[in-house]
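Below: the structure, in structure tokens.
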Amino acid sequence: MDTRSPRAPRRAVLGAIAAATLAAARSAAAQTDAEWLRVVAAARKEGRMTLYTSGVGSTFHKDVGRLFEQKYGIRFEVLEARASELRERIRSEQVAGRFLGDVHHNGATTTALMLADGNFQPHGGIPNAARLLPAYVADDVRVPSNVQSYGLLVNRNLVKPGEAPRSWKDLLDPRWKGRILSDDLRALGGGSVFFFVMHDAFGPDFHERLAAQNLVFSRDIRNDERRVARGEFPIYIPQLLPYFTQLKGLPVDFIVPQEGRPYVRFDLAVLRNAPNPNAARLFIHHFLDVESQLVYANAGFDPTMQGVVDRASLEVRALLDTKVMGTTVVERQNAMLELAKRIYK
Amino acid sequence: MLARRTLALAALGLLLSFLSVYPMAMLLYGSLHSTPPGMAGEFNLAGYRALFERDNLQVMWNTVGISLAKTVLSMALAVLLAWIVARTDTPGRGTLEVLITLPFFIPPILTATAWGMLGNPQVGSINLAWTWLTGAEKPLVNVFSWGGVVWHMMQYSTPFLFLFIVDAFRAMDPALEESSRMAGASRTRTFFGITLALMLPVTTSAFILSFIRGIESFESPVFFGTPAKIEVMTTKIYHLIHHQSQPQYQAATALAFAAMALMFLLVVWQWRVLGGRSFSTVTGKGYSPNVMRLGRLRWLTFGICVTFFLLTVALPVGQLLLSSFFQFFGFYQRDMLTLDHYRNVWASREVWRALGNTMLLGLMGATATMVLGGIVAYVAGRTRWRGRRLIDALAWLPWLMPGMVLGIGFLWGFAMLPGWMPLYGTLWALLLAYVALATPVAVRVMTSAYAQLSFDLEECSRVHGASWWQTLWRILVALAWPAFAVGWVLAFFGIMRELSASILLYSAGTEVLSVVMLKMWSGGKPEEVSVIGLFMMVLVLVFRWLQLVLIRRRISTL
């Protein structure tokens with residue numbers, strides 16, 4: 001029986017993160033080319049690798065997986081489930097001693113909670129991690145893989161160019177009352193990220209006033225984009241940038257307000273007792289290769305590696321060059337969800 | 001003989017317990033423990049105490065109100081449609097029967113999307129047409145409302161109820177109705193006093209199943225209720241599990257058990273209503289189904305069926321079909337015409353693999369479910385064996401638990417099995433979960449069918465020297481065959497659509513169609529989901545056509 005605390009208290013999360021960071025420095029220093037070649041050979045011998053990802057329906061990890069298969073001849077398998085389902089599934093499997101997955105790919109917050117629950121093992125060193133952008137730091141367990149960010153989606157037939165919000169605060173303009181479609185700000189996901197970041201930037205007063213705008217909540221994110229495009233609502237918040245890039249041809253614009261884009265980092269980690277630990281390590285290394293990172297960058301994700309944005313398509317680069325604004329912090333997430341429930345009744 | 005029977009009953013009880021009690025026990029543990037199985041925590045009643053908070057009481061009230069409204073309305077409509085198809089000379093009844101059942105087989109998320117486009121108050125096609133025609137400023141319909149939730153649910157419950165009722169109407173010996181008419185009762189009085197009264201086992205079973213399904217319904221309230229701030233039990237459970245930084249399994253499972261207790265009371269009520277009364281309408285005497293001649297009124301009944309079809313199938317499916325040929329759902333511009341969605345689905349390795357898995361699981365699962373359901377229904381309804389009530393109750397259990405919660409019970413249950421039972425992560429785990437989930441419907445279908453068969457048929461067979469198995473096969477199975485076929489189709493398509501357990505039990509390589517459709521939907525490809533939905537509808541048409549042909553052939557040889 002696993003006896004770890006289920007609540008992942010703040011001390012446990014911080015402790016786990018600190019230990020992982022220290023160990024990362026040691027393992028990176030110990031890495032040599034010869035050692036890595038042995039890892040690659042062992043990975044080929046293992047012959048397969050299973051990714052557990054919360055990117056349900058995303059094609060990008062599959063593209064990265066195909067490149068991995070072509071490059072190393074190692075079979076790539078993937079299991080997709082929503083973040084909470086994935087977490088519970090991994091927990092149940094590990095408690096029962098069934099270790100089926102190799103690499104975990106999920107948002108940084110869920111990954112931090114799972115780190116505290118002991119769901120991962122040290123990766124043993126990833127050569128490509130040395131070329132991560134300074135803003136993203138890998139530790140002994142977690143490796144930042146990609147970043148998804150949010151802006152505003154507006155219907156250009158309903159919102160004249162001069163009227164489009166330039167600041168997040170422009171959403172408080174009375175003209176938008178009852179006309180903003182929104183992800184549920186009281187629920188985990190893009191809505192809670194938006195709530196968190198706006199709260200930290202503008203204080204609770206911003207949300208009190210935004211609640212008075214009578215936002216219409218919906219959780220069917222992919223359909224909500226279309227509802228705005230069809231003219232049901234002029235504005236949708238918060239719009240995921242990678243999803244916007246798939247709406248080419250529809251009468252919608254993506255707006256990055258002057259304060260910037262809220263964002264969420266995604267991490268890769270090797271699952272505890274992974275059946276193919278070398279292939280897992282090699283896959284993480286491969287995920288940070290420029291060609292893999294370009295798959296994500298061209299789709300609108302911020303890459304975590306150096307030298308990638310410059311090679312992305314011009315259209316996407318213009319958006320990725322805008323500034324990022326802030327993100328969530330695992331230790332305050334519950335408090336923020338509670339506050340959101342109180343404000344947006 | 002007694003020892004063999006006891007042994008067989010024990011084996012049946014064990015199998016049903018494994019399929020229903022075992023995952024439920026896991027969930028009960030989850031509702032009484034502060035953490036899920038395998039994690040340190042404490043036993044407490046916090047989850048159950050939270051049920052009495054005002055928010056939760058409101059949620060329960062909404063749930064019961066919506067489900068009751070949709071079940072009553074659907075039942076009235078389904079009885080009318082079933083009567084028209086089975087007992088009147090309305091033109092084109094065979095075709096109408098297939099068409100009326102179609103909505104049940106369309107993935108709810110697709111019709112929800114279609115109705116979102118048809119009936120939203122701002123730019124919905126119906127409202128645009130209304131304002132253009134009348135010059136009105138206010139919209140005619142708003143699907144994002146209480147009524148919208150009920151309407152969308154009705155599109156599924158009406159054909160579901162219809163499927164239950166239509167064969168019972170058909171299998172009814174009209175002698176009793178004729179006696180009523182000869183005794184001077186009017187047509188209306190005969191219909192309500194004899195026809196409907198004889199249908200009581202079927203209608204109450206179907207009503208309860210549909211009411212429970214309404215309580216467990218997720219897509220309609222999440223799609224049309226959430227924007228209108230209407231919360232029901234399933235959306236609350238979903239919120240507790242998926243929208244918290246730490247999933248609240250204790251609160252979610254406690255809420256599910258509260259719903260289950262309510263539903264169990266309903267089932268007990270049904271047992272009491274039907275207990276000790278005879279509803280046999282199929283006896284050893286020959287009869288020919290009585291068809292009422294409606295004269296010119298038959299065009300009215302025809303119109304009612306066609307209107308139902310137009311509203312629930314033609315409108316939303318037409319929208320899906322149209323959209324499947326355009327780059328984006330709902331954008332009908334010439335430069336966006338494409339066959340890419342069909343090409344993508346055709347070329348997808350994942351779709352073909354999932355289709356293979358789903359067909360295999362559907363065929364095996366539906367057959368196993370109907371065999372199990374037939375046996376359980378026989379034991380519960382046609383014998384006086386000790387323990388028969390327990391067997392019936394065990395088979396009911398999975399129906400009383402919302403799918404998304406039961407899925408977690410299966411995950412916990414299969415993952416925690418000892419190492420020598422390696423079910424987890426295999427197709428077998430999915431098969432067992434599907435059998436457990438579909439058995440309650442199979443039992444209800446077969447119980448209702450058996451209830452219409454007179455005991456003298458069995459007695460006659462035994463008196464003439466037939467063995468128990470021969471009697472079961474040659475009399476009961478032969479006469480209940482149309483119901484078996486209906487149950488099989490319901491189970492097959494129930495399996496095809498099942499998502500809650502599938503998403504938690506599938507593994508790399510054992511994907512099923514519902515999981516692939518969820519992935520496509522989440523990946524922003526509703527057009528490709530439409531293509532698969534349309535394919536499923538073609539499959540339904542083929543299955544239903546085959547079923548009706550076989551039933552007719554069978555009936556003509558009886």
In segment B:388-432, residues that are under 26 Å from residue B:359 (Cβ atoms), among the aliphatic types (A, V, I, L, M) and touching a Pro at 6+ places or on another chain (Cβ under 8 Å) total 2
Against the condition within 18 Å of the chain's Cα centre (by Cα), surrounded by fewer than 24 Cβ atoms within 10 Å (Cβ to Cβ) and within 12 Å of another protein chain (Cβ to nearest Cβ), how does residue A:80 come out, does it pass?
no
Filtering segment B:317-338 for residues that are touching a helix residue (DSSP H, G or I) at 6+ places or on another chain (Cβ under 9 Å), part of a helix (DSSP H, G or I) and within 11 Å of chain A (Cβ to nearest Cβ) leaves a count of 1
Taking segment A:283-319 and keeping residues touching a residue at least 60 places away in the same chain (Cβ under 8 Å), within 15 Å of residue A:148 (Cα to Cα) and away from chain B (no Cβ under 14 Å) leaves A:293, A:295, A:296, A:301, A:302, A:303, A:304, A:305, A:316, A:319
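Looking only at segment B:35-63, filter to residues that are in a loop (DSSP other than H, G, I, E, B), within 33 Å of the chain's Cα centre (by Cα) and surrounded by fewer than 18 Cβ atoms within 10 Å (Cβ to Cβ); which one of those is farthest from the other protein chains (Cβ to nearest Cβ)?
From segment B:35-63, those in a loop (DSSP other than H, G, I, E, B) are B:35-42, B:44-45, B:53; that's our starting set.
Narrowing the set further to residues that are within 33 Å of the chain's Cα centre (by Cα) leaves B:35-37, B:45, B:53.
Adding the requirement that they be surrounded by fewer than 18 Cβ atoms within 10 Å (Cβ to Cβ) leaves B:45, B:53.
On the way: B:45: 18, B:53: 13 Å.
Ranking the candidates gives B:45 first.
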For segment B:506-517, does any single residue satisfy the condition of being under 20 Å from the mean Cα position of the chain (by Cα), within 12 Å of chain A (Cβ to nearest Cβ) and buried (at least 22 other Cβ atoms within 10 Å of the Cβ)? yes
Picking from B:371, B:376, the residue that is β-branched (Val, Ile, Thr), within 23 Å of the chain's Cα centre (by Cα), part of a helix (DSSP H, G or I) and buried (at least 24 other Cβ atoms within 10 Å of the Cβ) would be B:376
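With A:230, A:209, A:222 as the choices, which residue is more than 26 Å from residue B:241 (Cβ to Cβ) and facing another protein chain (nearest Cβ under 7 Å)?
Working: A:209 fails: facing another protein chain (nearest Cβ under 7 Å); A:222 fails: more than 26 Å from residue B:241 (Cβ to Cβ).
Checking each option against the conditions leaves just A:230.
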Quiz item: Quick check: is even one residue across segment B:339-350 surrounded by 15 or more Cβ atoms within 10 Å (Cβ to Cβ), part of a loop (DSSP other than H, G, I, E, B), among the aromatic types (Phe, Trp, Tyr) and modelled with pLDDT of 90 or more?
Solution: no
Within segment A:320-345, residues being part of a helix (DSSP H, G or I), within 14 Å of chain B (Cβ to nearest Cβ), hydrophobic (A, V, I, L, M, F, W, C) and more than 11 Å from residue A:195 (Cβ to Cβ) number 2
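Within segment A:35-58, count every residue that is part of a strand (DSSP E or B) and at the interface with chain B (Cβ under 7 Å from one of its Cβ atoms). Working first, answer last.
Here is the first cut: in segment A:35-58, the ones part of a strand (DSSP E or B) are A:48-53.
Checking the rest, the ones that are also at the interface with chain B (Cβ under 7 Å from one of its Cβ atoms) come to A:50.
Here the count works out to 1.
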Of the residues in segment A:92-101 that are in a helix (DSSP H, G or I) and within 7 Å of chain B (Cβ to nearest Cβ), the one that is surrounded by the fewest Cβ atoms within 10 Å (Cβ to Cβ) is A:95
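Yes or no: segment A:59-71 includes at least one residue that is acidic (Asp, Glu), assigned to a helix (DSSP H, G or I) and within 11 Å of chain B (Cβ to nearest Cβ). Steps first, please.
If we filter segment A:59-71 for residues that are acidic (Asp, Glu), which is where we start, we get A:63, A:69.
With assigned to a helix (DSSP H, G or I) added as a condition, the list becomes A:63, A:69.
Still in the running and within 11 Å of chain B (Cβ to nearest Cβ): none.
No.
When you look at residue B:116, is it within 14 Å of chain A (Cβ to nearest Cβ), at pLDDT 90 or above and in a helix (DSSP H, G or I), yes or no? Break it down into steps so the answer makes sense when it comes.
Working: within 14 Å of chain A (Cβ to nearest Cβ): yes; at pLDDT 90 or above: no; in a helix (DSSP H, G or I): yes.
No: the conditions fail for residue B:116.
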Residue A:109 passes all but one of the listed conditions (1) away from chain B (no Cβ under 14 Å); (2) out of contact with any Asp or Glu (no Cβ under 7 Å at 6 or more places or on another chain); (3) closer than 30 Å to residue A:318 by Cα; the exception is number (1)
Residue B:524 fails exactly one of (1) over 27 Å from residue B:414 (Cβ atoms); (2) within 14 Å of chain A (Cβ to nearest Cβ); (3) in a helix (DSSP H, G or I), namely (3)
Of those in segment A:170-194 that are surrounded by 17 or more Cβ atoms within 10 Å (Cβ to Cβ) and of a type in the set (Gly, Ala, Ser), the residue nearest to the other protein chains (Cβ to nearest Cβ) is A:187
Scanning segment B:216-231 for residues that are surrounded by fewer than 24 Cβ atoms within 10 Å (Cβ to Cβ) and either more than 12 Å from chain A (Cβ to nearest Cβ) or of a type in the set (D, E, K, R) (or both) gives B:219, B:229, B:231
Out of (1) without any contact (Cβ under 8 Å) to a residue 12 or more places away in the chain; (2) of a type in the set (A, V, I, L, M, F, W, C); (3) closer than 25 Å to residue B:533 by Cβ, the one residue B:78 does not meet is (1)
Out of (1) at pLDDT below 95; (2) surrounded by fewer than 23 Cβ atoms within 10 Å (Cβ to Cβ), the one residue A:328 does not meet is (2)
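Results for (1) over 24 Å from residue B:215 (Cβ atoms); (2) touching a strand residue (DSSP E or B) at 6+ places or on another chain (Cβ under 9 Å); (3) in contact (Cβ under 8 Å) with a residue 60 or more places away in the chain, shown as yes or no for each residue.
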{"position": "B:314", "(1), (2), (3)": "yes, no, no"}
{"position": "B:339", "(1), (2), (3)": "yes, no, no"}
{"position": "B:344", "(1), (2), (3)": "yes, no, yes"}
{"position": "B:367", "(1), (2), (3)": "yes, no, yes"}
{"position": "B:387", "(1), (2), (3)": "yes, no, yes"}
{"position": "B:392", "(1), (2), (3)": "no, no, no"}
{"position": "B:413", "(1), (2), (3)": "no, no, yes"}
The condition of being in contact (Cβ under 8 Å) with a residue 40 or more places away in the chain, more than 23 Å from residue B:325 (Cα to Cα) and more than 14 Å from chain A (Cβ to nearest Cβ) holds, among B:531, B:463, B:477, only for B:477
Residue A:235 passes all but one of the listed conditions (1) in contact (Cβ under 8 Å) with a residue 60 or more places away in the chain; (2) in contact with a His (Cβ under 8 Å, 6 or more places away or on another chain); (3) away from every other protein chain (no Cβ under 12 Å); the exception is number (2)
All-but-one check, residue A:250 against (1) farther than 30 Å from residue A:288 by Cβ; (2) in a loop (DSSP other than H, G, I, E, B); (3) out of contact with any helix residue (DSSP H, G or I) (no Cβ under 6 Å at 6 or more places or on another chain), failing number (3)
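For segment A:102-117, which residues satisfy the criterion of being part of a loop (DSSP other than H, G, I, E, B) and modelled with pLDDT under 95?
A:117
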When (1) within 14 Å of chain B (Cβ to nearest Cβ); (2) in contact (Cβ under 8 Å) with a residue 60 or more places away in the chain are applied to residue A:122, the one that fails is (1)
> Somewhere in segment A:269-280, is a residue closer than 29 Å to residue A:195 by Cβ and of a type in the set (A, V, I, L, M, F, W, C)?
Replying inline: yes
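Just the residues that are acidic (Asp, Glu) and surrounded by fewer than 18 Cβ atoms within 10 Å (Cβ to Cβ), please, taken from segment A:290-317.
Correct list: A:291, A:310, A:315.
The values are calculated or read from the model by the stated rules, or taken from the named source; none is laboratory data. Note that this is a predicted model, so its numbers are computed, not measured. Heads up, the Cβs are rebuilt from the backbone with ideal geometry, glycines too, and the neighbour counts pull from every protein chain shown.
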